[in-house]
């Protein structure tokens with residue numbers, strides 16, 4: 001059994017694409033946040049009660065954080081899950097993004113709880129819509145390859161899919177195992193009436209050759225092995 005989580009909310013198109021990618025593999029359970037929580041990091045809820053609502057027998061909506069979804073899923077709603085898949089996030093989680101990403105945090109929490117996990121994100125170029133059917137095919141291919149490896153204690157994976165233009169005929173971008181890029185995001189702000197607004201350009205971020213930002217920005221699938229140990 002698989003446990004599916006995201007941070008964009010249970011009704012996000014990326015969750016529908018993830019379900020489509022694994023629908024024929026056997027049973028799965030979805031435990032996803034009620035609302036969009038992108039960028040929430042590894043927050044957890046311990047100061048209030050959370051409500052889990054069953055939308056269908058195998059789909060549950062939680063008014064908590066993505067890491068909470070991993071905790072509740074693995075301890076209560078799908079304790080028999082063998083793998084945890086988090087995503088598909090609408091937006092890249094490359095390099096230092098992993099420290100603020102709710103998508104990656106859910107996979108990290110699963111690894112802390114002893115389950116192998118994969119976080120899947122899709123880099124987005126402004127003004128170009130995501131082909132979610134193609135994304136589902138890519139995801140299925142990558143996840144199958146990673147799940148075929150012998151599980152390692154405390155290990156999880158961060159996968160970033162590239163954003164190819166509509167009409168691109170590439171059936172499957174090359175899959176590249178690479179390291180996390182340690183360069184900081186562009187940090188700049190503009191003054192507006194309500195205060196300071198982040199104005200860094202994500203697409204112009206620094207990148208090291210061969211690291212995940214460079215791999216994904218150049219049209220390949222970036223796969224980074226990560227560990228909690």
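Does the range 152-162 contain any residue that is more than 23 Å from residue 42 (Cα to Cα) and surrounded by fewer than 17 Cβ atoms within 10 Å (Cβ to Cβ)? Give the steps one after another, and end with the answer.
Of the residues in the range 152-162, the ones more than 23 Å from residue 42 (Cα to Cα) are 162.
Pick out the ones that are also surrounded by fewer than 17 Cβ atoms within 10 Å (Cβ to Cβ) and you get none.
Within the range 152-162, none of the residues are more than 23 Å from residue 42 (Cα to Cα) and surrounded by fewer than 17 Cβ atoms within 10 Å (Cβ to Cβ).
On the stretch given as the range 11-35, residues that are under 13 Å from the mean Cα position of the chain (by Cα) and closer than 20 Å to residue 110 by Cα total 4. Selection of the range 58-98 for residues being assigned to a loop (DSSP other than H, G, I, E, B) and either modelled with pLDDT under 95 or within 13 Å of the chain's Cα centre (by Cα) (or both) yields 92, 93, 94. Condition check for residue 48 on (1) surrounded by 20 or more Cβ atoms within 10 Å (Cβ to Cβ); (2) over 21 Å from residue 142 (Cβ atoms); (3) out of contact with any helix residue (DSSP H, G or I) (no Cβ under 9 Å at 6 or more places or on another chain): one failure, at (1). Is the range 106-117 home to any residue that is within 15 Å of residue 212 (Cβ to Cβ) and outside any helix (DSSP H, G or I)? Checked the range 106-117: no residue is within 15 Å of residue 212 (Cβ to Cβ) and outside any helix (DSSP H, G or I).
Give the residue that is modelled with the lowest pLDDT, with candidates limited to residues of the range 21-39 that are part of a loop (DSSP other than H, G, I, E, B) and surrounded by 15 or more Cβ atoms within 10 Å (Cβ to Cβ). The qualifying residue modelled with the lowest pLDDT is 38.
Criterion first (within 28 Å of residue 109 (Cα to Cα) and without any contact (Cβ under 8 Å) to a residue 24 or more places away in the chain) does residue 144 satisfy it? The answer is yes for residue 144. Going through the range 13-45 one residue at a time, which ones are without any contact (Cβ under 8 Å) to a residue 24 or more places away in the chain and touching a helix residue (DSSP H, G or I) at 6+ places or on another chain (Cβ under 7 Å)? Once the filter is applied, which keeps residues that are without any contact (Cβ under 8 Å) to a residue 24 or more places away in the chain and touching a helix residue (DSSP H, G or I) at 6+ places or on another chain (Cβ under 7 Å), the range 13-45 yields only 45.
Are any of the residues in the range 184-207 crowded, with 19+ Cβ neighbours inside 10 Å and either part of a helix (DSSP H, G or I) or within 17 Å of the chain's Cα centre (by Cα) (or both)? Break it down stepwise before answering.
First, the residues of the range 184-207 that are crowded, with 19+ Cβ neighbours inside 10 Å: 205.
Narrowing the set further to residues that are either part of a helix (DSSP H, G or I) or within 17 Å of the chain's Cα centre (by Cα) (or both) leaves none.
No, every residue in the range 184-207 fails to be crowded, with 19+ Cβ neighbours inside 10 Å and either part of a helix (DSSP H, G or I) or within 17 Å of the chain's Cα centre (by Cα) (or both).
For the criterion of being within 20 Å of residue 204 (Cβ to Cβ) and either crowded, with 17+ Cβ neighbours inside 10 Å or without any contact (Cβ under 8 Å) to a residue 12 or more places away in the chain (or both), residue 93 passes.
If only residues of the range 167-182 that are touching a residue at least 60 places away in the same chain (Cβ under 8 Å) and surrounded by 14 or more Cβ atoms within 10 Å (Cβ to Cβ) are counted, the one that is farthest from residue 141 (Cα to Cα) is 181.
The values are calculated or read from the model by the stated rules, or taken from the named source; none is laboratory data. Model, not experiment: these values are computed from the prediction. Backbone-built Cβ (ideal geometry, glycine too); neighbour counts: all protein chains shown.
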